[in-house]
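Worksheet: the structure to be examined is printed underneath.
The values are calculated or read from the model by the stated rules, or taken from the named source; none is laboratory data. Treat the numbers as computed from the prediction; the structure is a model and nothing was measured. Cβ coordinates were reconstructed from backbone atoms using ideal geometry, including for glycine residues, and neighbour counts include every protein chain displayed. Just so you know, the surface numbers come from the protein's heavy atoms only, side chains and all, with ligands and any DNA or RNA stripped out. Shrake-Rupley method; radii C 1.70, N 1.55, O 1.52, S 1.80 Å.
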Amino acid sequence: MGGVPEPSPQAPLAVLSKVELRVSCKHLLDRDTLNKSDPCVLLLMQSQGQWMEVDRSEVIKSNLNPVFAKIFTVDYYFEEVQKLRFEVYDSHGQAGVGTHDDDFLGGMECTVGQIVAQKRVTKPLFLKYGKFAGKSTITIISEEISGNNGYVELAFRAKKLDDKDLFSKSDPFLEIYRIDDDRSEQLVYRTEVVKNNLSPIWEPFKVSLNSLCSCEEKRKLRCVVWDYDSRGKHDFIGEFFTTFEEMQKAMGENKVQWDCMNPKYKIKKRNYKNSGVVVLLDLKIHRVYSFLDYIMGGCQIHFTVAIDFTASNGDPRNSCSLHYINPYQPNEYLKALVAVGEICQDYDSDKKFSALGFGARIPPKYEVSHDFAINFNPDNDECEGIQGVVESYQSCLPKIQLYGPTNVAPIISKVARVAADEERTKEASQYFILLILTDGVVTDMADTREAIVRASYLPMSIIIVGVGNADFTDMQILDGDDGVLRSPKGEPVLRDIVQFVPFREFKNVSGAATRSCL
């Protein structure tokens, strides 16, 4: 059968930390005839000599000195030179952000290491061919996330705000700033604008505790309410100061409210009370735990193996097939299963693996299934150790018909449901690892991205091993190493739970490196 491949002394780089980047610009070029430019920032990272877009900011209307609410998060590898490029474009409404020279407001290149070392970097923006973009500058502020203490979900509304508009009511939005030790203010979040409403209810939103208060409950926060102006000249309605400690009084049925104050009115008007009130309707804290946190906390590991039985693997009777039934030596799937499974087995106390298949027609009706037990016992899909999985695989293969499509989302969702049920018991005594062995292209990419984002909130990780020599671009996208993986609606994963490795590379990697996938 052959054992685990010979270890190699080389292991992949370990992520030192994650870094949050905040971006602002000054003196941008004005590309619009009637209004000012509507800037948006694109973040690109160099990967194998190519610039790849990682993420982009929101569009800020009619503003040549924008402070973007979007916080970019990148992995920081201490030993590696990670090149970044920030490109600023003038957006055009429904047409989105163009890449035409006319829309380009300037770009700047640097490395993650430079930003981390200096904490605050201000550089001029350049147009094509090294030409200065006027007096335009871009400022990047970095903050290392030393630990991930989770995120908070907040829901605000306001009541009886001052009316700043002559012929209609104010169009209010709320900004939250964190006040740092040097008294500088960092924009944490900017809500949407609620049109023509003095008692707006803003959409609930999520921010990391690191962004909100640097994980310090007593750190002061400044909250400002503005009346939106399409030309960028927003009218100040009022402000209030608070802390995350005070906000937490809004948990459960309680609500917290603050007077929204305009300091000028307070001085000028004798009977001035406030410019309205802002109410925190709800606050939910979600702690985020790493794989190590779960293990150190005494969690048992439960492994599920999922095997790709789609027709693209080739007819098992053909020697070219990745599923070739060879009585003398293991096929590619068996090699991958044994190599990865024996390492995973070390973490599993009861040495029992749930073993599933997807993409095949199965007996008795030979209908396509995307999450069937390879021992054909839906009530108990567990096998005794990795050897039990091997035996079930060898028994299953002649009984099924390889088919398709390659739908991965059903398997992820199935394991996620079990993990969610476990978490609801409040004991959370198990951590779930899904090991997917596949030959390449995913058919249900949108559903898979959605399933991974949902699963990132649960005690669960996914290891994808690419078998064969196919194009694994989809898998690298799911891994998220070139940027944060997002659902089709744009929601990012709460934590990075997917690790992809092609088996052809895995053969030459040490067991220690494999463990870093977990």
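Extending 7 Å from Cα along the Cβ direction at ARG287 and again at ASN469 yields two label points whose distance is 5.0 nm. Per-residue 3J(HN,Hα) values for the stretch 189-206, derived from phi via the Karplus relation 6.51 cos²θ - 1.76 cosθ + 1.60 with θ = phi - 60°, read 7, 10, 6, 6, 8, 9, 6, 6, 8, 8, 10, x, 10, 7, 5, x, 9, 10 Hz in sequence order (x marks Gly and Pro).
Residue ranges 337-344, 487-494 sort as 337-344, 487-494 when ordered by packing (mean number of other C-beta atoms within 10 Å per residue, highest first).
I want the antiparallel fraction of DSSP beta bridges within the stretch 18-145, as a percent rounded to 5. The partial results should precede the final answer.
Values: 43 of 43 bridges.
Of all bridge pairs located within the stretch 18-145, approximately 100 percent are antiparallel.
Helix 445-455 and the longest principal axis of the Cα set of the chain meet at an angle near 80°. By definition, a body whose alpha carbon gyration tensor gives a ≥ b ≥ c is rounded when a/c is under 1.5, and the stretch 299-515 falls into this rounded group. From the Cα gyration tensor of the stretch 151-286, with a ≥ b ≥ c the square roots of its eigenvalues, which class applies: rounded if a/c is under 1.5, or else prolate if a/b is larger than b/c, or else oblate? Prolate is the answer for the stretch 151-286, as a/c is 1.5 or above and a/b outweighs b/c.
From most to least packed by mean Cβ count within 10 Å, the peptides 310-316, 227-233 give 310-316, 227-233.
Can you tell me what share of the DSSP beta bridges in the stretch 299-515 is antiparallel? A percent to the nearest 5 is fine.
Working: 11 of 38 bridges.
Here the share of antiparallel DSSP bridges comes out near 30 percent.
Only lysines eight or more places from LYS255 in sequence, or on another chain, were considered; those with a Cα closer than 25 Å are LYS159, LYS160, LYS195, LYS206, LYS218, LYS220, LYS273, LYS284. In straight-distance terms, cross-link reach from LYS335 covers every one of the aspartates and glutamates whose alpha-carbon lies under 19 Å from its own, apart from those fewer than eight places away in the same chain; here that gives GLU6, ASP308, ASP315, ASP346, GLU384, GLU391, ASP439, GLU505. Please label the shape of the chain as rounded, prolate or oblate, based on the square roots a ≥ b ≥ c of the eigenvalues of the alpha-carbon gyration tensor (a/c under 1.5 means rounded; beyond that, a/b larger than b/c means prolate, else oblate). Cα axes put the chain in the prolate bin. Lys/Arg Cβ at +1, Asp/Glu Cβ at -1, dipole of the chain taken about the Cα centre: which of TYR129, THR425, GLN50 is farthest positive-ward? The Cα lying farthest towards the positive end belongs to TYR129. Note on surface exposure: LYS365, LYS266 rank LYS365, LYS266 by accessible area, highest first, 1.4 Å probe. At an R0 of 30 angstrom, the distance between the Cβ atoms of LEU127 and GLU192 translates into a FRET efficiency of 0.40. Looking at the chain, the accessible area is 49 square angstrom per residue; that uses a 1.4 Å probe and ignores ligands, DNA and RNA. Among the GluC sites (Glu not before Pro) found in the stretch 224-318, those both in a DSSP coil and sparsely packed, with 11 or fewer other Cβ atoms within 10 Å of their Cβ, are GLU253.
Can you send over the carbon and sulfur percentage of the accessible area for the stretch 151-286, probe radius 1.4 Å, protein chains only? Working shown, then result.
Values: 3470 of 7260 Å².
Carbon and sulfur together cover 48 percent of it.
Compared with the dominant Cα axis of the chain, that is its longest principal axis, helix 332-345 is turned about 70°.
The chymotrypsin sites (Phe, Trp or Tyr not before Pro) found in the stretch 150-221 that occupy coil by DSSP, while having at most 10 further C-beta atoms within 10 Å, are PHE167.
With +1 on the Cβ of every Lys and Arg and -1 on the Cβ of every Asp and Glu, and nothing else charged, how large is the dipole of the chain about its Cα centre, in debye rounded to the nearest 20?
On the way: 61 positive and 73 negative charges, 469 e Å.
The calculated dipole for the chain is roughly 2260 debye.
Between GLU491 and GLU53, the FRET efficiency estimated from the beta carbon spacing at R0 = 25 angstrom works out to 0.90. The simple Förster model, with R0 at 41 Å and r as the Cβ-Cβ distance, assigns PHE167 and ILE201 a FRET efficiency of 0.95.
Extending 7 Å from the Cα toward the beta-carbon at both THR139 and LYS399 defines two label points whose distance is 6.7 nm. By accessible area, using a 1.4 Å probe on protein heavy atoms only, the stretch 299-515 has 48% of its surface on carbon and sulfur.
So, with +1 on the Cβ of K and R and -1 on the Cβ of D and E, and no other charges, what is the size of the charge dipole of the stretch 151-286 about its Cα centre, to the nearest 20 debye?
600
Could you give the length gained by full extension between PHE241 and GLU109, i.e. 0.36 nm per residue of separation minus their alpha carbon distance, to one decimal place?
On the way: separation 132, 0.36 × 132 = 47.52 nm, distance 3.67 nm.
That works out to 43.9 nm of additional length.
For the stretch 18-145, with all protein chains in place and a probe radius of 1.4 Å, 50% of the accessible heavy-atom surface sits on carbon or sulfur.
Residue separation times 0.36 nm, minus the C-alpha to C-alpha distance between ASP444 and ARG183: what's the value? All intermediate terms of the calculation are to be shown ahead of the outcome.
On the way: separation 261, 0.36 × 261 = 93.96 nm, distance 4.85 nm.
That pair, ASP444 and ARG183, stretches by 89.1 nm at full extension.
Against the chain, whose longest principal axis is taken from its Cα atoms, helix 409-424 shows a tilt of about 70°. Near LYS70, the amide H atoms lying under 5 Å from its own belong to GLU58; only residues 5 or more places off or on other chains count, and H is placed 1.01 Å from N.
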